[in-house]
Amino acid sequence: MASNCEVEPGAAPESALVTTDSYENFQQMSSSLEEIKNSNFTSSTQDEFLDNCNNIDSDLHVNCSTVSVSSQDEDYIRDEEWLGKSKHIFVLSSAGKPIYSRYGNEDRFASYFGIMQALVSFVQADDDSIRSMHAGDTKFVFLFREPLILVAVSKTEECTSQLTAQLNYVFNQIASMLTLSRLVKIYEQRRNYDLRRLLTGVERLIDHLLDFSEQEPAFTLGAVQCLPLTSSVRDAISSAIVQSCSKIKNLVFGILLANNQLITLVRMKKYCIHPHDLHLIFNLVQASESLKTAEIWTPLCLPRFDASGFLYGHVSYLAEDCQACLLLLTVERDAFFSLSEAKQRIVERLRRGNCLEAINESLNTKEETCVDIGFPELRHYLYKCKSTAQFHQPSMGAPYTINCKRLLDLYRRAHYRLHCPTRPLKLLFERTSEDALLAWDTRGFELYAILEPLTDTGNAIATVGRLLNWIKKREDKLFQLNAPTF
Amino acid sequence: MTTEDSMDDDVFEALEDNPHLKVGEDTHQLKNTPSPTGYRDYKPPAEVLKLCESDTIEDSNQTVHKTILLGDSGVGKTSLLVKFDTGKFQPGNFSATVGIGFTNKVVTVDNSRVKLQIWDTAGQERFRSVTHAYYRDAHALLLLYDVTNKTSYDNIRAWLGEIREYAQDDVVIMLIGNKSDCGPDRIVRREDGERLAREYNVAFMETSAKSGLNVELAFMAIARELKLRQSGQKDSNKFSVQDYVREETQKTPCPPCST
Amino acid sequence: MNASTEPYLELSDNPVRFEAVNQVTNVFFDDSNKQVFAVRSGGAMGVVVKGSSEDIPAINFRMDDKGPVISIKFSLDHNVLAVQRTTTSVEFMNFNGTTIESEYTQNCKKNSSLLGFVWAQNNEVALITDHGIELYMVIPEKKALKHLKTTSATVQWFVWCSRNKIALLASSHGSHLQPILFKPGTISKLSKVETEPGRMTLERDVTLATLYDVPAVLILRHQSGPQTAEVHVHTLSGPGQAPVKSHVLRLNLSGRFAINVVDDLILVHHQASRSSQVFDIALPGESDGTVTYHKAVAPARSLKPTSLKLPGLVEPSTHKCELYSPNWVVFQPNIVIDAKLGCLWHIKLCLPVLCSQISDLPLCTQLTLKRTCGKDVLLKLILEHAKLPKPSLHKLQESSNHINSVYRSWAEAELQMQTASPPGAPPPSRPPSPPRVLINQADIYQQVLQKLDKEDLLQNLEWTLISYMTSLSEFGIPAEHTLNELLITTLVRRNKFTALMQMLQYGVVADSKPLACLLLSLGNLHPAASQLALDMLARLGANEEIQEVLLDQGQLLSALKLSQEGVSPRKFLEAAQNSGDPALFHSTLFCFKSSAQYAHAFLKDERLDTFIQHYKSLFPDSSNNSNSK
């Protein structure tokens, strides 16, 4: 097995994605925008824009369409359905104002928010911070990120750090809509501000993000999955994007994705995108049907890239006959038309290069299951290449076609065992009456393999060894091994 | 804005399609080829754009008329546009617009073609500063409220105030009460809309993106007005939109609401 | 009478009556034959000999009055009557059962003064004089005695123990005590009884007895302090039956005492307080390494009052007997004679009453275990204790320990008897005698546990059972199935599954298949019981049974894992299909299809096709289907 350590399918010297360990500090942010602006020195619109944004009082005053607050604040205390939810997520301002609740209308249990705020500030008074409370099978996990408090109340098997990670995603989702700078400034100016005014529609994104992060192993792994394409096709696509945008300045990222899988990522030299930011982009694309109706121009903050300001995104689907979504992200506020034209050129190049067909073909090809590829005792696996923050998984096969939640729970638990801060494991083999699990963390990769429950240790190791070789042979198809730049 | 069209040499040299193909027929044709990606009834912006581009090349001197859809979040701006653009209705919980959506549409007014460049804005407050930048160049504004949502109607005054501040003085404004198919859920009466329109001296009509009532009319009225203005008849009658609308509305066999 | 002060000692109901001592009648007691001789007018008016029970017919005869009789005794076979009337000679008369036939005399050696005589054997008589012992063989046919042996020793007085054929010769005012052992034709001196140098001993303070089959010399010692009298017990248990001072009984009284032995218990009667104490040298006591100091096992009690029925002219009257009378003479082992009243009683011990006055159950257990009729008493005692509202588990267990200790020693000895001797070897000299009280598991089960098996006593049953079984386990005695079964059902009835689990884990309950089955049947009441059963079966290595159980519980994969050989794929697949769990069906089918042993079965056995079809219906898209054909 040791020899297999040498096999590191998908490893690449350079990655377009920031490589990451899952429980790293989520709050870490960089200020890439400043660098780009300074180096290119193009426009000052950015600053103007931010100034505009920050001047809340000059904003159009629109009566917030809040539903009349009923006097039955405590309704939910007796609502069996509400109480029975396995995981609640709440967001509130540090002053205790409700901002978001995953279930129910947050105005109807404002007092709960008061309690949450009190708990956080009470502990804070001692220069300490509350992280979690445990009562029976319920975990209360707190995340205080100035100026917001995020709380998860969970009866799921997820551990505290996984719940905290989810809360961080929620915070970043909010920050990506407003920028962190603006968020902070808003509350500096008005402590009691009702942030929901600015977050109309974002609750849908958060709802989607929460469901998404509970269904996608990508979030657990901190990685993205690539659409399988031969390396020549992927390279052709990348170069089509690079060539079509050759004359456009200040383009930071060009991202082509389809069906929650990355097709290619082109970047400005020196800059990488963090998988968490990419997850937010995947979430935005998946949650926004409206992107299909027109070309869209939208500001977007990538908190891990730069939480202080917006990038501007031209978002569109390639063509009616090719449902891949292209995002061109720039620091220019007025680049819509040039990017719109660039997009036309990209589509044209791809069409002529038969790349659209290749993408469609890959999208229409059902990914193979483990049985298909000759591993009958293997039910499913996740392979994450650490150096590129990409992962691969086969198509869901029997028996998880019926219960895939169990599979995700298994992965989440195994991932925690490997990354548990107090006692991380390198290798884990676990057999229950339902399945066998082998999880392996090496310098280059993480592998989680679910096997038939009667597989013995020796067989499991042999299978995993063969699997690594199998992935290695297909790595240029399953992963984007280069990191093209504009 | 549309900067140096020093033109990439490889933009759409060959145009295989009939440039005069009407939008509706186009849609029809596409219906027969099921989308390989499984997105049913999806109308591609790319194809539309291609058509529009062809217009640009054919009549290079043709003016682009910028039209912006405004109004609170959820009043049905995108639905109205999609209905006009594709003839389809996007059902209720269709997600909110992100930023600004861009659609080109060519319509025929009195046998001549008018190109509308339609900006569909997100109603949310957080996008407002982005959308302000586009008011300035707008030739026409479609300001929508939702007849089932009183707040969206009440906010119209604020919207108009904002328009005064950021838009050109001579911008064509049309006030639209959408979701007129709502039946008993209606909260804002038609007269309230009319009264408000009279007060601000803007055109008014009620529409339904769901039933299609007055959708075509709204955009056609705008297109007609913009064309008139372009041809220099602008000073003749500032209220021609209103008149036109009134005439056209009365022609409708079934008035949407009793007055 | 209050139970706590009820007497535990009593005189026999039916005393042996004889003519009381008066001017013409003398009364003698021969403690070898346990006979009372009433001699009227020196025998001329007749001699009436009564045995130790009224059932034994009295012997009547006459003999010539040749002067006052000092001692009169039949030989052990009653063929010869010996009478001592002087300090120099003993007369012998052949006796045919009714009359005296002939007389002959034996003088002791010159210058010796006869202290007494004893029948050492059927036909051997020993004359004990102040100069030693002369042993003769009596030959009735020849009307003569034949000298056998003479031992010289200075003797002031002696005490005789007929049972052990031991005479204790005292000299130097009793500071010298010399035991002599009589064997047919010979006598031998044993080691002297070690006493404090110069300490005198009175004849009346010395008792020869047998305690637990060991001869013993009991000496009353009056200490200087008040109420500090002691009985020193010298057992002839040393090498060559050498006397060893091994026990001291602390009387906490002073005055006149008399000693009896009943059922190996030493009874010490105190005349002044008219009470008796009971001691058992087998009980533990304070020990200095060689000597064990004992306290009375129970508070001193008076004998139970008794009365005599006297025939009256009109109607019989009763005479209340004076207890601890100065007219009492005490003989070993348990005889009390009131010569003035003409009564001979046996002292009897009422064990249940004695036990009722001993509050400590373990002590009481030890006591009763040594008594000849202790078994029923002990079982009742345990039952009573177990029925208390709050029985002491500790005491119950300690009590069980004593019982099981006896049981185990006995079982070991028996086992040794059966196995140790190699074939052909001579059988062991003497089979071990069974202990006086042997209580086995069936006894406890029937006499104690079953009587506790009532709803309101369930908790007591549980406690008693656990105490007893813990003790069994400590002594390495395997519990019988009935007990194990009772334990498990009791714990289940009491809802004490944690306790049950511990019992099983710590091996208090021995593993067995019947028990495992019992546990399985309790699985519905408590799910953990099934697991306990499985664990037990696993310890027993009963793989087949485990497989059946697992299969029954729907744990197909575990069952398969246990053994993949020789199982029926159909049975497993059917069970998997019936479980309604698609994942389970998937795994089961996979297991068989991927096994070299069974894969071919899918080609040959058409009946398996239905399972393939079922799989396809469960996982229509699965590519597994392609392999299955």
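The values are calculated or read from the model by the stated rules, or taken from the named source; none is laboratory data. Model, not experiment: these values are computed from the prediction. All Cβ positions, even for glycine, are placed from backbone atoms using ideal geometry, and neighbour counts span all protein chains on display.
Points worth noting:
- Flag if C:Leu618 is more than 25 Å from A:Asn459 (Cα to Cα) and of a type outside the set (D, E, K, R): yes
- Index of the failed condition, A:Leu256 passing every other in (1) out of contact with any Lys or Arg (no Cβ under 6 Å at 6 or more places or on another chain); (2) in the same structural domain as A:Asn283 (by TED's automatic domain parsing); (3) not in a strand (DSSP E or B): (3)
- Qualifying residue in segment A:472-486 (condition: crowded, with 16+ Cβ neighbours inside 10 Å and farther than 30 Å from A:Leu256 by Cβ): no
- Annotation note: of A:Ala294, A:Ala287, the sole residue that is under 14 Å from the mean Cα position of the chain (by Cα) and among the small types (Gly, Ala, Ser) is A:Ala287.
- Considered as a group, the residues in segment A:441-462 that are buried (at least 21 other Cβ atoms within 10 Å of the Cβ) and within 14 Å of chain C (Cβ to nearest Cβ) include one that is nearest to A:Ile36 (Cα to Cα), and that residue is A:Ile450.
- Positions within segment B:70-103 being in a strand (DSSP E or B) and closer than 19 Å to A:Gly313 by Cα, in sequence order: B:Ile100, B:Gly101, B:Phe102, B:Thr103
- Residue ID - farthest from the other protein chains (Cβ to nearest Cβ), chosen from residues in segment A:355-371 that are crowded, with 20+ Cβ neighbours inside 10 Å and β-branched (Val, Ile, Thr): A:Ile359
- Residues considered: A:Val184, A:Val170. Of these, the only one that is hydrophobic (A, V, I, L, M, F, W, C), touching a Pro at 6+ places or on another chain (Cβ under 8 Å) and either not in a loop (DSSP other than H, G, I, E, B) or not assigned by TED's automatic domain parsing to the domain that holds A:Ala135 (or both) is A:Val184.
- Residue, farthest from the chain's Cα centre (by Cα), within segment A:303-341, restricted to residues that are hydroxyl-bearing (Ser, Thr, Tyr) and either part of a loop (DSSP other than H, G, I, E, B) or within 11 Å of chain B (Cβ to nearest Cβ) (or both): A:Ser338
- Scanning segment C:567-614 for residues that are of a type in the set (Phe, Trp, Tyr), more than 13 Å from chain A (Cβ to nearest Cβ) and buried (at least 20 other Cβ atoms within 10 Å of the Cβ) yields a total of 1.
- Answer residue from segment A:399-430, given it is facing another protein chain (nearest Cβ under 9 Å) and in contact (Cβ under 8 Å) with a residue 12 or more places away in the chain and is surrounded by the fewest Cβ atoms within 10 Å (Cβ to Cβ) among those: A:Arg406
- All conditions but one from (1) under 16 Å from the mean Cα position of the chain (by Cα); (2) within 14 Å of chain B (Cβ to nearest Cβ) apply to A:Lys247; the one that does not is (1).
- Identity of the residue in segment C:103-131, among the small types (Gly, Ala, Ser) and within 40 Å of the chain's Cα centre (by Cα), that ends up nearest to C:His176 (Cα to Cα): C:Gly116
- Any hit, segment A:139-160, residues being at pLDDT below 95, touching a strand residue (DSSP E or B) at 6+ places or on another chain (Cβ under 7 Å) and in a helix (DSSP H, G or I): yes
- The criterion of at least 3 residues that are closer than 22 Å to C:Phe592 by Cβ and among the small types (Gly, Ala, Ser) is met by none of the strands (runs of 3 or more DSSP E) falling completely within segment A:373-478.
- Considering segment B:106-137, and only residues there that are of a type in the set (A, V, I, L, M) and either facing chain A (nearest Cβ under 8 Å) or under 12 Å from the mean Cα position of the chain (by Cα) (or both), the residue that is nearest to B:Asn214 (Cα to Cα) turns out to be B:Val107.
- Options C:Ala529, C:Ala583, C:Ala533; residue that is assigned by TED's automatic domain parsing to the domain that holds C:Tyr615 and either among the acidic types (Asp, Glu) or part of a helix (DSSP H, G or I) (or both): C:Ala583
- Listed by position, the strands (runs of 3 or more DSSP E) enclosed by segment C:28-82 that each have at least 3 residues that are within 39 Å of the chain's Cα centre (by Cα) are C:35-40, C:46-50, C:71-74.
- Residue match in segment C:141-162 (condition: surrounded by 18 or more Cβ atoms within 10 Å (Cβ to Cβ) and on the phi > 0 side of the Ramachandran plot): no
- Selection of segment B:138-174 for residues being within 11 Å of chain A (Cβ to nearest Cβ) and assigned to a loop (DSSP other than H, G, I, E, B) yields B:Asn149, B:Asn155.
- Among the numbered conditions (1) outside any loop (DSSP other than H, G, I, E, B); (2) within 13 Å of chain A (Cβ to nearest Cβ), the only one that C:Leu515 does not meet is (2).
- In the set A:Leu199, A:Leu221, A:Leu229, A:Leu205, only one residue is surrounded by fewer than 23 Cβ atoms within 10 Å (Cβ to Cβ) and in contact (Cβ under 8 Å) with a residue 60 or more places away in the chain; that residue is A:Leu199.
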